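Reviewing the structure listed below.
The values are calculated or read from the model by the stated rules, or taken from the named source; none is laboratory data. Model, not experiment: these values are computed from the prediction. With ideal geometry, Cβ positions are generated from the backbone for all residues, glycine too; neighbour counts draw on all protein chains shown.
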Amino acid sequence: MISTANPDLIDDLVSANHILVNEGVLDGFGHISVRHDKNPELFLIARSMAPALVTHKDIVCCNLEGKVLDPDGVTSYVERFIHSEIFKVRPDVNSVIHSHSPAIIPFGVTGERLRPICHMSGFLGATTPVYEIRNSVGDNSDLLIRSQSLGRDLATVLGNHPVALLRGHGNVCVGTSIKQVVYRAIYTENNAKLQLQARPLGEITYLSDAEAQATAEMNDQHLDRPWQMWKRNAKSANTI
Ligand code: MN
């Protein structure tokens, strides 16, 4: 099924893997997916491997039950259900990133809300929900979203938001395109760092809801500019 996907889409998915490592969002773990351009009931994602090493041939096709459609039995990530369950309930979403990007973790474990602190992260809006896995399976899990049921619970908490935090684990970002979701993942991490830097200095003035919306609309018109730079930087860092 992957062979029917637009090769440019697969190229962008491979580039996104490398960009997200180079920008500090992914490390040896985490993943990005994109909805299949010919069949909305399918999505593309790498097989289970470090994102920095992903090439075109490592991309596999998955259905919305989280089943990998591969004649050779190649498997993908244990947490692929994050992607399948979000694609199932969010027809507006065409790309999903799950990462453990570090600066965001404190906001999932303290009750301190992640909020838009600057104009580059207005897309966050007023509320970034936090998924508490204990509400699904109690306090003895390994925190991974390793089933359809857990993916469904996470997708419910995400609702219509662009980002949700996973307590003690990481976050999920969604977007209408690879470029948009990569932008969002990078600037969610940036926003978390800025909030942590500003907090000791005093009371923070966050973007208003109207400012958040206006800046998000503005930035969505310029997604290709940083994308080209991130892609070049990832290449020159030899991650491609
Ligand atoms: Mn994870």
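For region 1-29, name all the residues that are within 16 Å of the ligand (Cβ to nearest atom), under 12 Å from the mean Cα position of the chain (by Cα) and assigned to a helix (DSSP H, G or I). Within region 1-29, ASN17, LEU20 qualify.
Pairing residues of region 21-43 that are farther than 18 Å from SER76 by Cβ and of a type outside the set (Val, Ile, Thr) with residues that are within 13 Å of the ligand (Cβ to nearest atom) and modelled with pLDDT of 95 or more, at Cβ distances under 7 Å and at least 6 apart in sequence or on separate chains, gives GLY24/SER101. Taking the listed residues SER147, SER76, SER121, the one that is under 20 Å from VAL25 (Cα atoms), more than 15 Å from the chain's Cα centre (by Cα) and of a type in the set (Ser, Thr, Tyr) is SER76, with no other qualifying.
Could you check, for region 92-109, whether at least one of its residues is surrounded by fewer than 18 Cβ atoms within 10 Å (Cβ to Cβ), among the polar types (S, T, N, Q) and out of contact with any Ser or Thr (no Cβ under 7 Å at 6 or more places or on another chain)? Checked region 92-109: no residue is surrounded by fewer than 18 Cβ atoms within 10 Å (Cβ to Cβ), among the polar types (S, T, N, Q) and out of contact with any Ser or Thr (no Cβ under 7 Å at 6 or more places or on another chain).
Against the criterion of being β-branched (Val, Ile, Thr), surrounded by fewer than 23 Cβ atoms within 10 Å (Cβ to Cβ) and more than 16 Å from the ligand (Cβ to nearest atom), VAL60 qualifies.
Flag: ASP142 matches the condition of being of a type in the set (Asp, Glu), surrounded by fewer than 19 Cβ atoms within 10 Å (Cβ to Cβ) and at negative phi. Taking VAL54 as meeting all but one of (1) modelled with pLDDT of 95 or more; (2) farther than 16 Å from VAL96 by Cα; (3) surrounded by fewer than 19 Cβ atoms within 10 Å (Cβ to Cβ), write down the number of the exception. With respect to (1) modelled with pLDDT of 95 or more; (2) farther than 16 Å from VAL96 by Cα; (3) surrounded by fewer than 19 Cβ atoms within 10 Å (Cβ to Cβ), VAL54 is out only on (3). Against the numbered list (1) in contact (Cβ under 8 Å) with a residue 60 or more places away in the chain; (2) under 17 Å from the mean Cα position of the chain (by Cα); (3) away from the ligand (no atom under 15 Å from the Cβ), ILE104 comes up short only at (3). Of all residues in region 148-168, those being within 15 Å of ASN135 (Cα to Cα) and part of a loop (DSSP other than H, G, I, E, B) number 2. Of all residue pairs spaced 6 or more apart or on separate chains, those with beta-carbon atoms under 9 Å, a first member in region 223-239 that is within 13 Å of ASP12 (Cα to Cα) and a second member that is in a loop (DSSP other than H, G, I, E, B) and modelled with pLDDT under 95 are LYS231/ILE240; ALA234/ILE240.
Given the criterion within 16 Å of the ligand (Cβ to nearest atom) and out of contact with any His (no Cβ under 7 Å at 6 or more places or on another chain), identify the matching residue among ALA192, ALA164, ALA126.
Just one listed residue meets the conditions, ALA164.
Determine if region 173-191 includes at least one residue that is in a helix (DSSP H, G or I), more than 21 Å from GLY111 (Cβ to Cβ), in contact with a strand residue (DSSP E or B) (Cβ under 8 Å, 6 or more places away or on another chain) and aromatic (Phe, Trp, Tyr). Yes, that holds for at least one residue. Just one residue in the set GLU65, GLU85 is more than 14 Å from the ligand (Cβ to nearest atom), surrounded by 16 or more Cβ atoms within 10 Å (Cβ to Cβ), farther than 21 Å from ASP224 by Cα and acidic (Asp, Glu); that residue is GLU85. When we screen ILE204, ILE145 for residues that are assigned to a loop (DSSP other than H, G, I, E, B), touching a residue at least 12 places away in the same chain (Cβ under 8 Å) and within 16 Å of the ligand (Cβ to nearest atom), the only hit is ILE145. When the residues of region 167-187 are narrowed to those that are within 16 Å of the ligand (Cβ to nearest atom) and of a type in the set (Gly, Ala, Ser), which ends up nearest to PHE29 (Cα to Cα)? It comes out as GLY170.
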